[in-house]
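See below for the structure under consideration.
The values are calculated or read from the model by the stated rules, or taken from the named source; none is laboratory data. Everything quoted here is computed from the prediction, not taken from an experiment. Virtual Cβ from ideal backbone geometry, glycine too; neighbours counted across all protein chains shown. Keep in mind that these areas ignore ligands, DNA and RNA; they rest on the heavy atoms of the full protein, side chains included. Shrake-Rupley method; radii C 1.70, N 1.55, O 1.52, S 1.80 Å.
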Amino acid sequence: MRLPTQNRTLETFVMTGDPLMPRAPRQAFTRTAFAAAHVVSDPIAERDPWDGRPAIDWENTLGFRRWLWDQGLGLAEAMDTAQRGMGLDWLTAKELITRTMAEAAAHPLKPRVACGAGTDHLTLDEIRTTDDIVAAYTTQMEAIEAAGGQIILMASRAFKSIEATAEDYLEAYSTLVRQARGKVILHWLGDMFDPALAGYWGSGDVDLASETVLTLMRDHADKVDGIKISLLDRKHEEDFRKRLPDGVKLYTGDDFNYADLIAGDGEHHSDALLGIFAAIAPAASQALEALAAGDLDTYHRLLAPTVPLSREIFRAPTRFYKAGIAFLAWLNGAQSHFIMPGGFQSSRDITHYAQVFRLADTAHLLSDPDLAEKRMSTLLDLHGIT
C-alpha cells in the first residue's frame, strides 16, 4: 500500500499479515483489567449528529463488549472512551449501562463491569453548589446500582465550574462514597484528556491534589476499591501507588506507560482501566496471561509493540483518542462503517489514521489483513489518495 506521511509524501507499506488471534485466557489473571469500550453509531438512524442525541447500533456495540469478555477482560462502561460528554448524553449512557449489565449477566464468564457515574444530565448552569453536585451524582449512581453495576465516580467538570476547594471535594466525595452500596472506583482524569478538568481535586499543584485524594481514600479505605489515574506521568503514578491504603488498587489510565506500570517493580504494581485495552485486546489478554504464569519475556514481547500504537492514538490533542479506538474496530470488522456519534471521526487527520494502520499491523492487531487493507484503501480514496 501507499500511505501518506506527515511531510506530504506517499510511502510504500507492506503488511506483515501475522495477526494475533483472539482467544479465551488459559490462566486466571493476576491483575484486574478493565477495557474502556467505545460505542458504535447507527449512521442511518442518526439525525442532526452535532445537535441531537446519538443513535446507537446496539447489536454491534454489545457484540464488541462480548468480544472483550470472551478474552477475559473486564469492562469500564459509559466512560470517556464511549464519548461521554463528547457525543454520548446521560440518557443514552443509562440505556447503554442497562443493556450492558443484562448482557454481562448472561455471559458465561460473568465478567466484571464498572460504570461511570457523573453529573452530565445537568448543564453546568444548573449546578451551583456542592449539594447540587452530590445530588447529580446520586441520580446516576442509583441508576447504575439498579442495573447491577459497580460505580466509577467519574471526574466532573461541575467542580471546576463552581470553583470548588479541596475541602469541597472532600466533603462531596465523602458523601458519595459513604452512600454507595458497594466499593467505588475514583477517577482522576488529567486535563490532556479534558481541558475543563485542569486543577482537579482543588489545586493545579499535582502534589497538593494528590494529598487531597489520598486523604479521601484513607478516610474511606473500606469503601474505595481503587482509583484510576490518567495523568500520563509514570513517576507520579509509581510514587502515588506506594502511598495507597492496604487493599486499595491503583488502576492505571496511563496509555503511554501501561506495560511497565502493570508489570510493576517487584514490590508495587498497577492494575488497569484503559481505553487502549479495547483496541489491543488480544495482545492485552495474552500478555496478562503470560504475566500470571510468570513469563515476563512473553508479556513484554506482546505488549512492547502496542505501546507506540497507543502513543499515536493518544497523542495530543489527547481528547481525540476515541477516533483511533473506533478506527481499529472498523478495520477489524467489529463494525461496518467508520462513523462516530457527533461525527467524531473527523477529529483526526488521514496521516494519523495511516500511522495507526502501520503500527497496528506491526503490533499484530489487524485480525483480518485483507479486510483491513481494503478498508484503509477506502478511507484513502475518500481523501483523494489512490
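Could you tell me whether Asp265 is more than 19 Å from the chain's Cα centre (by Cα) and not aliphatic (A, V, I, L, M)? Give the derivation first.
On the way: more than 19 Å from the chain's Cα centre (by Cα): yes; not aliphatic (A, V, I, L, M): yes.
The answer is yes for Asp265.
For residues that are open to solvent by 40 Å² or more (accessible area, probe 1.4 Å) and of a type in the set (Asp, Glu), scanning just segment 34-86, find the one that is nearest to Arg99 (Cα to Cα). It comes out as Glu59.
If you check Ala354, Ala287, Ala329 for being under 30 Å from Lys242 (Cα atoms) and out of contact with any Gly (no Cβ under 8 Å at 6 or more places or on another chain), only one passes: Ala287.
Among the residues of segment 147-164, write down those that are within 14 Å of Leu122 (Cα to Cα) and among the β-branched types (Val, Ile, Thr).
Filtering segment 147-164 down to residues within 14 Å of Leu122 (Cα to Cα) leaves 156-159, 161-162.
Within segment 147-164, Ile162 is the sole residue that qualifies.
Let's see how each residue does on (1) acidic (Asp, Glu); (2) open to solvent by 10 Å² or more (accessible area, probe 1.4 Å); (3) more than 27 Å from Pro54 (Cβ to Cβ):
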{"residue": "Asp349", "(1), (2), (3)": "yes, yes, no"}
{"residue": "Tyr353", "(1), (2), (3)": "no, no, no"}
{"residue": "Leu359", "(1), (2), (3)": "no, yes, yes"}
{"residue": "Ala363", "(1), (2), (3)": "no, no, yes"}
{"residue": "Ala372", "(1), (2), (3)": "no, no, no"}
{"residue": "Ile385", "(1), (2), (3)": "no, yes, yes"}
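Scanning segment 318-340 for residues that are open to solvent by less than 20 Å² (accessible area, probe 1.4 Å) and under 23 Å from Gly253 (Cα atoms) returns Thr318, Tyr321, Lys322, Ala323, Gly324, Ile325, Ala326, Phe327, Leu328, Ala329, Met340.
Within segment 163-186, at least one residue is open to solvent by less than 10 Å² (accessible area, probe 1.4 Å), closer than 26 Å to Tyr321 by Cα and either in contact (Cβ under 8 Å) with a residue 60 or more places away in the chain or out of contact with any Asp or Glu (no Cβ under 8 Å at 6 or more places or on another chain) (or both). In segment 1-26, the residues that are open to solvent by 60 Å² or more (accessible area, probe 1.4 Å) form Cβ pairs under 6 Å with partners that are of a type in the set (D, E, K, R), at six or more places apart or across chains, as follows: Leu10/Arg2; Thr12/Arg2; Thr16/Asp361. Looking across segment 314-335, the residues that are aliphatic (A, V, I, L, M) and in contact with a Lys or Arg (Cβ under 9 Å, 6 or more places away or on another chain) come down to Ala323, Leu331. The set of residues in segment 262-284 that are acidic (Asp, Glu) and open to solvent by 20 Å² or more (accessible area, probe 1.4 Å) comprises Asp265, Glu267. For segment 190-211, taking the residues that are touching a Ser or Thr at 6+ places or on another chain (Cβ under 7 Å) and crowded, with 20+ Cβ neighbours inside 10 Å, the one that is farthest from Ala76 (Cα to Cα) is identified as Gly202.
Within segment 110-136, take every residue that is closer than 13 Å to Ala164 by Cβ and assigned to a helix (DSSP H, G or I) and give me the one that is least open to solvent (accessible area, probe 1.4 Å). Working first, answer last.
Start the filter on segment 110-136 by keeping residues that are closer than 13 Å to Ala164 by Cβ, which leaves 119, 124, 127-134.
If we keep only those that are assigned to a helix (DSSP H, G or I) too, we end up with 124, 130-134.
Numbers: Leu124: 79, Thr130: 23, Asp131: 108, Asp132: 53, Ile133: 0, Val134: 24 Å².
Taking the candidates together, the pick is Ile133.
Based on what the data block shows, is Gly342 modelled with pLDDT under 95, in a helix (DSSP H, G or I) and farther than 14 Å from Pro22 by Cβ?
Values: modelled with pLDDT under 95: yes; in a helix (DSSP H, G or I): yes; farther than 14 Å from Pro22 by Cβ: yes.
Here the answer is yes, as Gly342 does meet what is asked.
For Arg31, the test of being within 30 Å of Ile227 (Cβ to Cβ) and in contact with a strand residue (DSSP E or B) (Cβ under 9 Å, 6 or more places away or on another chain) is passed.
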